[in-house]
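Have a look at the structure below, then the notes.
The values are calculated or read from the model by the stated rules, or taken from the named source; none is laboratory data. Note that the coordinates shown come from a computational prediction; the quantities given were computed from them, not determined experimentally. No Cβ is skipped: glycine too gets one built from the backbone with ideal geometry, and neighbour counts run over all protein chains shown. Ligands, DNA and RNA are stripped out before the accessible areas are found, and what is left, the full protein with its side chains, is counted by its heavy atoms. Shrake-Rupley method; radii C 1.70, N 1.55, O 1.52, S 1.80 Å.
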Protein chains: 4
Amino acid sequence: MDIELGRNRKVRRAYGFDEIALVPGRGTLDPQMADTYWTIGGIKREIPILASAMDGVVDVKMAVALSKLGAIGVLNLQGVQTRYENPDAVLDQIVSVGKDEFVTLMQKVYAEPVKIELIHKRIKEIKSLGGIAAVSATPQVAESYGKAATEAGADLFFLQSTVVSTTHLAAAGFEALDLQRFIDAMSIPVIVGNCVTYEVTLELLKAGAQAIMVGIGPGAACTSRGVLGIGVPQATAVADCAAARDDYFAQTNNYIPIIADGGIVTGGDICKCIACGADGVMIGSPIARAVEAPGRGFHWGMATPSPVLPRGTRIKVGTTGTIETIMRGPASLDDGTHNLLGCLQTSMGTLGAKNLKEMQQVEVVIAPSLLTEGKVYQKAQQLGMGK
Amino acid sequence: MDIELGRNRKVRRAYGFDEIALVPGRGTLDPQMADTYWTIGGIKREIPILASAMDGVVDVKMAVALSKLGAIGVLNLQGVQTRYENPDAVLDQIVSVGKDEFVTLMQKVYAEPVKIELIHKRIKEIKSLGGIAAVSATPQVAESYGKAATEAGADLFFLQSTVVSTTHLAAAGFEALDLQRFIDAMSIPVIVGNCVTYEVTLELLKAGAQAIMVGIGPGAACTSRGVLGIGVPQATAVADCAAARDDYFAQTNNYIPIIADGGIVTGGDICKCIACGADGVMIGSPIARAVEAPGRGFHWGMATPSPVLPRGTRIKVGTTGTIETIMRGPASLDDGTHNLLGCLQTSMGTLGAKNLKEMQQVEVVIAPSLLTEGKVYQKAQQLGMGK
Amino acid sequence: MDIELGRNRKVRRAYGFDEIALVPGRGTLDPQMADTYWTIGGIKREIPILASAMDGVVDVKMAVALSKLGAIGVLNLQGVQTRYENPDAVLDQIVSVGKDEFVTLMQKVYAEPVKIELIHKRIKEIKSLGGIAAVSATPQVAESYGKAATEAGADLFFLQSTVVSTTHLAAAGFEALDLQRFIDAMSIPVIVGNCVTYEVTLELLKAGAQAIMVGIGPGAACTSRGVLGIGVPQATAVADCAAARDDYFAQTNNYIPIIADGGIVTGGDICKCIACGADGVMIGSPIARAVEAPGRGFHWGMATPSPVLPRGTRIKVGTTGTIETIMRGPASLDDGTHNLLGCLQTSMGTLGAKNLKEMQQVEVVIAPSLLTEGKVYQKAQQLGMGK
Amino acid sequence: MDIELGRNRKVRRAYGFDEIALVPGRGTLDPQMADTYWTIGGIKREIPILASAMDGVVDVKMAVALSKLGAIGVLNLQGVQTRYENPDAVLDQIVSVGKDEFVTLMQKVYAEPVKIELIHKRIKEIKSLGGIAAVSATPQVAESYGKAATEAGADLFFLQSTVVSTTHLAAAGFEALDLQRFIDAMSIPVIVGNCVTYEVTLELLKAGAQAIMVGIGPGAACTSRGVLGIGVPQATAVADCAAARDDYFAQTNNYIPIIADGGIVTGGDICKCIACGADGVMIGSPIARAVEAPGRGFHWGMATPSPVLPRGTRIKVGTTGTIETIMRGPASLDDGTHNLLGCLQTSMGTLGAKNLKEMQQVEVVIAPSLLTEGKVYQKAQQLGMGK
């Protein structure tokens, strides 16, 4: 709080991933020696990556594939998979419509109600194919969908809204979800988000959250900053929330992971998230580029578009390889979007971090990758425009 | 004043809206619970938005439409509406001329004198159609036009110049407007601007202004910074002037609203203005994009172009929806330019602000949305240029 | 010196004109009341603008025209005007050659020796047409050309090199110019530059310079930063050198003007230069855009290109109006490149500065006009690319 | 460590070359008086430039040419020159393949094993043609290739990995190179890198390195930041490592040069490197633009591409002149990429630095060359897009 925005108004500077870089120290190690295992809700996984609960990212097949590759895919319980018996026809329509009709089509598609029986069906499909059934819903429907998900055999429940609040004020006729009571009532681990501050993280931890999602506004498909003015740069948000995790652990000896969610595009971004204090990351667009992704080369934000104030643009991300190539390589692209596990292990090796706990403590430096004249010159050369 | 520009020269850093973001806290509330009412010159309105007194933005029809939607449109008393009996023919010409002839045409169009009878006529048209008659003029003509406007039944009088001054030095043969005496003499509320500092705001308040316009140089159609070197980033300007309002209120118990004017394009910008301390905002280009806007898809700066030093470029803004869609939705665009009331309410709900007073106190963070390499990469993906 | 570049290495932050803006205060005045007169080498002028001693900017005709308009044009004594009896043929060639052959052609054109009789001839032409004869040469040839210029009746002598030094170390067989002795020996005022620091300015003042040119590296046609790594942002350089002027004045009661030179494109830039402490400015590219400019719509740097290490790119600046339009208006462009005197007077009026001395004391604020996402959006709108 | 990234997390700001500029002081000198000699591993050279050990930059012919011009070229012992009897056929293939097939082709090309007899052959070719034989290998193969290189008569051995470590942890079945023992065992000077910190530099110096390479992540052909999140801005890295050199020299009276490696494109960049404390520089892309370069107008990163996580993009750099033109001029380009020695000498002359030791002490200023609106305007003018 040391910057004067104006008279009598002190504010703080927050930093994003584009503004930081990691600094190698004295030691290095062979990448294959880097231990990347983490545990979420009692489930141990080799790759600390969750695929976002978005309709262009995760369907039943993807959830299963990610489970087998050592990661987790989260299924959106309020998306096309649980609104339509045959979601593929709807997905075909979403990706083929023109840019101008997109918002209107989305409002129509999501007007179809969610069916409890489809919640059951999708979860059972994932389980029967050997996958981890991680599912997501918003506070408004958490109680009924949470119950259905538990009955169907889900392993993890993600309670996600743009901004989670411990003291929500509901309009007359509605009742706010009591977080603590909800979590207590659920028999499977509940992951909660998204938040960006130390204080809220601490409150969510006290309410019993089994993991905390961190990130508001930084995502590629998210337009919160333009529409609402809201958005906190991720490096600072992650560092703040990780401090809450550490303080909570010091008090309770209970270690609850922090998951960075939003704006993560490359392996380098994943490495930076963890270096800032995250235990895992949630990613959307990198997964949407898989051959197997339900988005068919497209990615779009927001689980459930608002009928009156839609947010979340559709982005053409293209298809660059199989989900195995993206998660475990070998890479055929050199920009950090293939072999994300390899990126993390090589970075840890280069930085001398034997495990994620050590990776959280490597040196971070403020080093903005701003577009300078020099970089534009280099970029021009890369594009073959050098003299 | 803590930065050394050079030897013996200390300066201050000022911040713009592109450099800040809003941070959610502990509480949230349902958007429909967010109370957005404000009062200006004794008139209570649901939407804290004024449409700029520019010829491409407000005519009689637009002033009436905005009044009915809960906002206010300000009519420029020195524009085509009061110079021409039939302004539509002139507007058609302005939007159809080529870029190179624009400046010259504008100088010619505005050489036609203003007619007092047209001032009367336009105000009466607005009133007879049930609208709020808010009108604007510069200090040079304030006394005569102010008198005419009052007689015609205007509700609010905006005294606006690029930079308002409490001690203007007029050339020989001219007399500077005595602000205090002018305001005292007017029987309707006088809103004054634009200014950017604490000191001037305080002086304007003491002179009896019923609202203060804040903003010099940041607008899209304004070229003050290139032509004059003048321009103060809005976040700091609003925070400074809001501090003067608060101090004046503490001394007098008289609460006078501060209106941020200039450079506001999206709902997110409106939210940031209020979070920095504004009570309302004045916007031009977002309204110029309405089907009903007199600018026919164009927007141009400056009420009265100078014959010797024109400023204010004509911008093609396009037409994206009705004024109702823009003000109250439902939105069919997801970039924060439709349903501005919805943007504000949703932001307030997300930030837990029950009314504008609470919205003025949400946490602001310095978080530049600079064009970094990462963002260019994301942008390329959005445009379908990803690999 | 408060920033740590690295261990044991403290450095300072310097600011450029793109990073500052001017802040209006309490008073304003009618533009025509703003007194812009300044005095250089005993010559009083209404417009504090010098045209650069560059071959695309000033020839005999332009020097005369500028004199009549209230400004000064400086003729390069080492350019095509004094190398060729008929410089127009050479200028035609320079502007018609392709980009790839430009450097080679320039090296050939400037291999032709300067003729002392042409120095005499050009100066006499200017004087006979009623102009002020201000001429420029580098230290290497200053003694002989200075003598010739004085004999021919020149009014002002500009001793200019990229970087002026009070202690130049010359290679064996050459002798460094003794500045003090040279200035003492000249019977007309000597203006010296360019420099960027307080210390060097003070030394030059003590040596008897009648004005100091400030600016290394910031110009549009200058490639010093890429080639040599050298270049100091102008706002800081001007403020530093102006502090030396003030201290020298305090000690000697002798007021010697500081001239900002390099990187000035618009009227707004001129206003900022003076607000940072300059008494006048030297400009190249804005003049090169005049119908009468010898550059025929082009502008190129460096008086005398090096045969082994050429610097100074040729830029197409286009032709936008007469030199009268550019200097005194009326403007037909709204971007601050027409009516530079009007820009300065209007800015002074808006800022309440009655003369240049007051203009040097207006409030400056750090307000980077960086390319942010918001600005790219606005720019897209201006180009008609808005949705 | 004075910036708060987040709660409980202090970080440091690091600076790159795009963010600094050099400031002239009181003295200047004729460029030809600037002494640019330096000594590396007992070899004295006029030009403090090494050509990178990359396959598009150095082959036998280039190493010889650079030696004769007063510089040094480093041959990559793990590239196509030592894998293929006839490397030219392979190089032809690399530059003719499409962008999409590049990564895959590179993985195939580098699957061919290195032959010890080709190491012997290439070194002998360089020596027999009168060149300095400087060769490079990674720690994994250093012992065997180092032995072969010494036997073949190499003059300098570069031990280079992305990040050098004094305490590498090798996977089971492998053994980490003991740096100190390796250097002790080699009978020719060993240069070690790359590193970026004071601490590691000091350790490498104590281990007996005869020069230290500084730079991780900043190069044009390097994608470490995107893939691994790793990369330290060069100005700070060089200043930090140079401080270690100075402290080591103060303790031992043994002066070991620091070489800046990565991201250097122009003569201005070279000048800045030395001003930050470097004794010499290693450059890739500027040399790849020579007519004689093995890359045939292309440049690509990484000596040995990883089969699972390739990094290092292929860039089209074009061909702009002979290696003599690039190193010693005369220049036919004005952008600082021709006559690098001339750039350095002219910069030293302008800054008054008589030798590299003085050049390391010139004033540096933080002066970001960010893309501002003003610069985009200038750029547009240069491209002939001005109005």
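Which residue pairs have Cβ atoms closer than 9 Å, lie 6 or more positions apart in sequence or on different chains, and pair a first residue in region D:200-213 that is under 22 Å from D:S52 (Cβ atoms) with a second residue that is open to solvent by 10 Å² or more (accessible area, probe 1.4 Å) and assigned to a helix (DSSP H, G or I)?
Cβ pairs passing all conditions: D:T201/D:D240; D:T201/D:Y248; D:L204/D:L179; D:A209/D:L179; D:A209/D:I183; D:Q210/D:I183.
Residues that are in contact with a Lys or Arg (Cβ under 8 Å, 6 or more places away or on another chain), open to solvent by less than 30 Å² (accessible area, probe 1.4 Å), within 25 Å of C:F174 (Cα to Cα) and in a loop (DSSP other than H, G, I, E, B): does region C:103-110 have at least one?
Yes, because at least one residue in region C:103-110 is in contact with a Lys or Arg (Cβ under 8 Å, 6 or more places away or on another chain), open to solvent by less than 30 Å² (accessible area, probe 1.4 Å), within 25 Å of C:F174 (Cα to Cα) and in a loop (DSSP other than H, G, I, E, B).
Testing B:V164 on (1) assigned to a strand (DSSP E or B); (2) farther than 18 Å from B:V60 by Cβ; (3) touching a residue at least 40 places away in the same chain (Cβ under 8 Å), one condition comes back false. Which one is that?
Every listed condition holds for B:V164 apart from (1).
Quick check on my filter: what residues within region D:135-170 are open to solvent by less than 10 Å² (accessible area, probe 1.4 Å) and at pLDDT below 90?
Result: D:V164, single match.
Could you look through region C:324-363, keep only residues that are closer than 23 Å to C:I256 by Cβ, assigned to a helix (DSSP H, G or I) and open to solvent by 10 Å² or more (accessible area, probe 1.4 Å), and pick out the one that is nearest to the other protein chains (Cβ to nearest Cβ)?
Residue satisfying both the conditions and the ranking: C:E358.
Scan region C:36-56 and give yes if some residue there is within 24 Å of C:Y110 (Cβ to Cβ), in a helix (DSSP H, G or I) and more than 14 Å from chain D (Cβ to nearest Cβ), otherwise no.
Within region C:36-56 (the criterion being within 24 Å of C:Y110 (Cβ to Cβ), in a helix (DSSP H, G or I) and more than 14 Å from chain D (Cβ to nearest Cβ)), the answer is no, since none of the residues qualifies.
Go through region D:262-282 and give me each residue that's modelled with pLDDT of 95 or more and farther than 21 Å from D:L351 by Cβ.
Answer for region D:262-282, where residues must be modelled with pLDDT of 95 or more and farther than 21 Å from D:L351 by Cβ: just D:M282.
Given (1) under 26 Å from D:T319 (Cβ atoms); (2) within 12 Å of chain C (Cβ to nearest Cβ), identify the lone condition not met by D:A288.
(2)
Quick check on B:K272: is it touching a helix residue (DSSP H, G or I) at 6+ places or on another chain (Cβ under 9 Å), basic (K, R) and within 24 Å of C:L22 (Cβ to Cβ)?
yes
Is it fair to say A:V90 is touching a Phe, Trp or Tyr at 6+ places or on another chain (Cβ under 6 Å), touching a residue at least 12 places away in the same chain (Cβ under 8 Å), more than 14 Å from chain B (Cβ to nearest Cβ) and assigned to a helix (DSSP H, G or I)?
Criteria met by A:V90.
Please find, among D:R26, D:R13, the residue that is open to solvent by 40 Å² or more (accessible area, probe 1.4 Å) and within 20 Å of D:A239 (Cα to Cα).
D:R13
So in region B:232-270, with the set limited to residues that are assigned to a loop (DSSP other than H, G, I, E, B) and small (G, A, S), which one is farthest from the other protein chains (Cβ to nearest Cβ)?
B:G262
Going by the conditions given, is D:A250 at pLDDT 95 or above, within 16 Å of D:A14 (Cβ to Cβ) and of a type in the set (G, A, S)?
No; evaluated as a whole, the condition is false for this residue.
Which number in (1) at pLDDT 95 or above; (2) surrounded by fewer than 24 Cβ atoms within 10 Å (Cβ to Cβ) marks the one condition that A:D240 misses?
(2)
Considering only region A:115-142, how many residues are under 27 Å from A:T162 (Cα atoms) and of a type in the set (D, E)?
The qualifying residues number 1.
Going by what's in this entry, would C:L129 be described as open to solvent by 10 Å² or more (accessible area, probe 1.4 Å) and under 19 Å from D:R26 (Cα atoms)?
Spelling it out, it is not the case that C:L129 is open to solvent by 10 Å² or more (accessible area, probe 1.4 Å) and under 19 Å from D:R26 (Cα atoms).
Hey, any hits in region C:66-81 for a residue that's over 22 Å from the mean Cα position of the chain (by Cα), assigned to a helix (DSSP H, G or I) and crowded, with 17+ Cβ neighbours inside 10 Å?
Checked region C:66-81: no residue is over 22 Å from the mean Cα position of the chain (by Cα), assigned to a helix (DSSP H, G or I) and crowded, with 17+ Cβ neighbours inside 10 Å.
Restricting to region C:364-378, and then to whatever is under 26 Å from the mean Cα position of the chain (by Cα) and open to solvent by 20 Å² or more (accessible area, probe 1.4 Å), can you tell me which residue is modelled with the highest pLDDT?
My answer is C:P368.
When C:G277 is evaluated against the numbered criteria (1) within 17 Å of the chain's Cα centre (by Cα); (2) at the interface with another protein chain (Cβ under 10 Å from one of its Cβ atoms); (3) at negative phi, which criterion, by number, is the only one it fails?
Result: C:G277 passes all but (3).
Scanning region A:193-231 for residues that are open to solvent by 10 Å² or more (accessible area, probe 1.4 Å) and assigned to a helix (DSSP H, G or I), which turns out modelled with the lowest pLDDT?
A:R225
Name every residue in region D:39-53 that is open to solvent by less than 40 Å² (accessible area, probe 1.4 Å) and over 16 Å from D:F158 (Cβ atoms), in order of residue number.
D:I47
Determine whether A:Y15 is within 14 Å of chain B (Cβ to nearest Cβ) and aromatic (F, W, Y).
When the stated conditions are applied, A:Y15 passes them.
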